[in-house]
Amino acid sequence: MKKTVITGTGRFLPNWRVTNQELTKFMDTSDEWIRQRTGIKQRYWTPLEGGVGASDLGVESAKIAVDRAGWKPEDIDLIIFATLSPDLFFPGSGCLLQHKMGLKNTPALDIRQQCTGFLYGLELADAYIKSGLAKKILFVGAEVQSAILDISTRGRNMAVIFGDGAGAACIEGLDTDEQVGILGSALHSDGETAESLMMEAPSCRLKPPIDNKLMEQGRHFPSMNGKLIFKKAVQLLPKVTNEVLEKAGLVLEDIDLIIPHQANIRINQAYARAMNLAEDKIYHNIQDYGNTTAASIPLALDEAIEKNQVGKGKTVLFLGLGAGITWGAVIYRFPE
Ligand code: UT7
């Protein structure tokens with residue numbers, strides 16, 4: 001039976017490095033508040049004047065991943081694109097990326113799982129590969145969130161957190177009897193709390209989907225009940241960890257590194273305390289990139305591979321919770 005393995009990763013960040021200090025030009029905030037409450041020191045944003053979409057960042061990360069996997073773009077038989085900040089309302093960014101990769105007919109599927117895009121994407125890729133429906137799948141998580149943030153003081157609770165960026169992974173089947181690849185996954189959603197983290201307009205349930213009144217009310221900017229999302233993450237992430245470990249027939253000690261979604265360093269620290277984990281078992285890079293939503297986990301994976309923190313024979317647990325709300329975990333073991 002084929003095992004689903006990751007054979008190449010890549011990441012890409014836009015040029016503009018936005019420090020906490022730089023944000024004080026736009027809103028009433030401080031480096032001290034941002035570091036203490038979130039752990040973030042800087043993030044990368046696309047230019048304020050626009051012109052760069054999620055597929056533009058995504059394609060750069062994809063080219064690196066494809067090259068490292070030893071693939072040619074024509075080898076890809078499915079693209080999965082995860083984003084909450086698509087280039088266009090429709091069609092999906094996956095189609096735009098497909099064209100930018102120089103491809104002609106390759107199917108492209110957009111998924112809208114926000115911070116858990118990589119987790120849902122991995123489970124989906126695993127099913128496609130094990131069923132024989134696809135052989136080589138390109139996953140891309142990319143965000144241009146700076147374009148939709150309210151960077152005035154009104155929107156500061158969200159604006160200071162979110163960053164732009166992209167992370168990609170080449171996923172394929174490997175014929176082996178070894179216990180490697182995706183060893184287990186556990187995914188969930190709870191739409192009851194959908195409106196606690198959302199961007200409401202433009203929306204097809206509003207007619208017109210956007211107008212001046214909506215914009216004056218700021219309903220075209222994302223909104224978040226930060227305290228509720230924080231509480232949900234701290235409650236649900238330990239639970240889903242135990243669930244996925246049980247599904248994979250593993251215990252926490254079998255995991256070499258946990259790569260969580262980077263939403264707030266305090267969430268990951270609370271998780272470490274709840275699971276009784278040493279801090280160095282958890283990968284952090286929120287300080288450098290902020291919360292890059294669908295790009296966050298693949299970007300962190302690419303960095304952890306580069307730093308040799310994971311690789312041959314190592315077992316990783318990916319984990320996250322975000323808008324939807326959706327949450328989940330996936331366990332992955334690198335082949336030797
Ligand atoms: O990836 C998607 C999932 N999202 C998350 O996981 C986010 C989870 N939530 C959080 O990370 C935190 O709730 C935040 C970092 C968003 C906010 O931290 P908090 O400790 O919950 O702060 P708060 O919203 O309760 O605000 C506390 C105070 C308020 O002032 P008053 O009312 O106490 O005077 C805010 O107006 O901090 C103020 N504040 C700020 N001050 C300076 C809010 N944002 C800022 C800011 N700079 N950027």
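Nearest 20 debye, what's the magnitude of the dipole of the chain about its Cα centre given +1 on Lys and Arg Cβ and -1 on Asp and Glu Cβ?
It works out to roughly 460 debye.
Please report the accessible area of S30 (heavy atoms, 1.4 Å probe, ligands and nucleic acids excluded) in Å², nearest 10.
Only protein atoms counted, so the area is about 40 Å².
Report the relative contact order of region 181-333, percent, no decimals, based on alpha-carbon pairs under 8 angstrom and at least 6 residues apart.
Taking the mean separation of contacting Cα pairs over the length of region 181-333, I get 38 percent.
What is the distance in Å between the Cα centroid of region 125-161 and that of region 187-211?
About 17 Å separates the Cα centre of region 125-161 from the one of region 187-211.
Let me know the Kirkwood hydrodynamic radius for region 178-324, please, with Cα pairs as the basis and the value in Å to one decimal.
In region 178-324 this quantity evaluates to 17.1 Å.
With axes computed from alpha carbons, what is the tilt in degrees of helix 226-248 against the longest principal axis of the chain, rounded to the nearest 10 within 0 to 90?
With both axes taken from Cα atoms, the answer is about 10 degrees.
Determine the relative contact order of the chain: mean sequence separation of Cα pairs under 8 Å and six or more apart, normalised by residue count, in whole percent.
26 percent.
Helix 54-69 sits at what angle to the longest principal axis of the chain, using alpha carbons and giving 0 to 90 degrees rounded to 10?
Helix 54-69 sits roughly 20 degrees off the main axis of the chain.
What length, rounded to one decimal in nm, is gained on full extension from R205 through to K2, with 0.36 nm per residue of separation minus their alpha-carbon distance?
The span from R205 to K2 would gain 68.7 nm if fully extended.
Work out the FRET efficiency for E279 and R35 from their Cβ-Cβ distance, taking R0 = 22 Å, and round it to the nearest 0.05.
Calculated value: 0.85.
Over all alpha-carbon pairs of region 2-175, lay out the pair-distance distribution in 10 Å bins, whole %, shortest bin first.
Taking all Cα pairs of region 2-175, the binned fractions are 11, 36, 30, 16, 7, 0 percent.
Averaged over every viewing direction, what's the projected area of the C-alpha convex hull for the chain? Give it in nm², one decimal, please.
Answer in nm², one decimal: 16.5.
With everything on Cα atoms, drop me the angle between helix 265-275 and the longest principal axis of the chain, reported from 0 to 90° to the nearest 10.
Tilt of helix 265-275: around 40 degrees.
Give the cross-link partners of K72 among the lysines, using a straight C-alpha distance below 26 Å as the criterion and excluding same-chain residues fewer than 8 apart.
Hits, sequence-local ones excluded: K2, K3, K63, K100, K104, K130, K135, K136, K307, K312.
Expressed as a whole percentage, what fraction of the accessible surface of region 2-175 belongs to carbon and sulfur atoms when a 1.4 Å probe is rolled over the protein heavy atoms?
For region 2-175, the apolar C and S fraction of the accessible surface comes to 51 percent.
Using a 1.4 angstrom probe on the protein heavy atoms only, line up C170, C95 by accessible area, largest first.
C95, C170
The values are calculated or read from the model by the stated rules, or taken from the named source; none is laboratory data. Just so it is clear, the structure is predicted and the values come from calculations on it, not from any experiment. Neighbour counts run over all protein chains shown; Cβ positions are idealised from the backbone, glycine included. SASA here: full protein model, heavy atoms, side chains in, ligands and nucleic acids out. Shrake-Rupley method; radii C 1.70, N 1.55, O 1.52, S 1.80 Å.
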